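A short worksheet on the structure shown next.
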Amino acid sequence: MSDRNDETVQTYEQAAARYAERTVRADDEPDDLVPLVAAHAPPGVEVLEVGSGPGHDAARLEALGFRVRRSDATRAFVEMQRAAGHQIEVLDVRTDNLGGPYDVVFAHAVLLHIDRVELPGVLSRLRDAVRPGGLLAMSLKEGDGEEWSSHKVGLPRHFTYWREGPLRAALEGAGWEPVVLERVSWPDGHGPWLLTLSRRV
Ligand SMILES: C[S@@+](CC[C@H](N)C(=O)[O-])C[C@H]1O[C@@H](n2cnc3c(N)ncnc32)[C@H](O)[C@@H]1O
């Protein structure tokens, strides 16, 4: 397992409050996965959110009628959400039992912290956690290579960047069929992001 991901989780342990303060989320963001899920899955179905962070997307999915199992590898986020009255579990997407089967797995800006060589295995684990025909909603940063960055939280986090072709191959190799795979940018130049909604084959 990657030390880089472990170190990144350690950063979140220290900087969860700063991340939450600096992450303001709105309904009309270009990289929003919530409308994609709402367009392809009926309200009431069960969603596993991995890397829930402060829980903004879980709250928005729940407001639309989805049943969300919130989870995160970072205990500080788990404690933050529990303090706000939410049920949430510590769950490392690389190693922990994911439970299920779910209808949807949701991972906004999470798997960009997984090393390139480890992503196919994680995608397979997520595939095994959904019902036949189940969905994966995922966003990653577009680009080449990888880097450590202290942007936003002032401590190092490791990012792996992806291009559409290799990402499509990784999804298909793990038993997902991309239904949507698109590149989006923010008007201020933030991004670009790759968004995908994929269906279990
Ligand atoms: C950029 S934050 C995104 C948080 C939230 N999804 C959001 O959109 O605000 C990345 C999240 O991934 C989580 N994370 C990193 N590595 C993980 C792993 N191996 N398993 C589960 N979660 C992980 C972090 O704890 C953090 O909550």
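The values are calculated or read from the model by the stated rules, or taken from the named source; none is laboratory data. Worth saying up front: this structure is predicted, and the values here are computed from it rather than measured. Note: ideal-geometry Cβ built from the backbone for every residue, glycine included; neighbour counts use all protein chains shown. With ligands, DNA and RNA removed, areas are computed over all heavy atoms of the protein, side chains included. Shrake-Rupley method; radii C 1.70, N 1.55, O 1.52, S 1.80 Å.
Against the definition (of a type outside the set (A, V, I, L, M, F, W, C) and in contact (Cβ under 8 Å) with a residue 24 or more places away in the chain), how does PRO30 come out, yes or no? Let's see the steps before the verdict.
Details: of a type outside the set (A, V, I, L, M, F, W, C): yes; in contact (Cβ under 8 Å) with a residue 24 or more places away in the chain: yes.
Here the answer is yes, as PRO30 does meet what is asked.
Here's a check for you: in region 1-34, which residue that is open to solvent by 50 Å² or more (accessible area, probe 1.4 Å), within 19 Å of ARG70 (Cα to Cα) and among the charged types (D, E, K, R) is nearest to the chain's Cα centre (by Cα)?
Taking the candidates together, the pick is ARG25.
Here are VAL50, VAL37: which of them is more than 8 Å from the ligand (Cβ to nearest atom), within 24 Å of ARG127 (Cβ to Cβ), open to solvent by less than 10 Å² (accessible area, probe 1.4 Å) and out of contact with any His (no Cβ under 9 Å at 6 or more places or on another chain)? I'd like the intermediate steps shown before the answer.
Numbers: VAL50 fails: more than 8 Å from the ligand (Cβ to nearest atom).
Result: VAL37 is the single residue among VAL50, VAL37 that is more than 8 Å from the ligand (Cβ to nearest atom), within 24 Å of ARG127 (Cβ to Cβ), open to solvent by less than 10 Å² (accessible area, probe 1.4 Å) and out of contact with any His (no Cβ under 9 Å at 6 or more places or on another chain).
Cβ-Cβ below 7 Å, separation at least six or inter-chain, first residue in region 61-73 and over 7 Å from GLU49 (Cβ atoms), second buried (at least 24 other Cβ atoms within 10 Å of the Cβ) and among the polar types (S, T, N, Q): which pairs?
Close Cβ pairs satisfying both conditions: ASP72/SER52.
Which fully enclosed strands (runs of 3 or more DSSP E) of region 82-197 have 2 or more residues being surrounded by fewer than 17 Cβ atoms within 10 Å (Cβ to Cβ)?
Working: elements: 88-90, 102-108, 130-141, 146-149, 157-160, 176-184.
Per the criteria, 88-90, 130-141, 146-149, 176-184.
Considering only region 16-34, state which residues are in contact with a Phe, Trp or Tyr (Cβ under 7 Å, 6 or more places away or on another chain) and either at pLDDT below 95 or more than 12 Å from the ligand (Cβ to nearest atom) (or both). Walk me through how you get there before you give the answer.
Our first condition is that a residue be in contact with a Phe, Trp or Tyr (Cβ under 7 Å, 6 or more places away or on another chain); within region 16-34, this holds for 16, 19, 30-31, 33.
Selection gives PRO30, ASP31.
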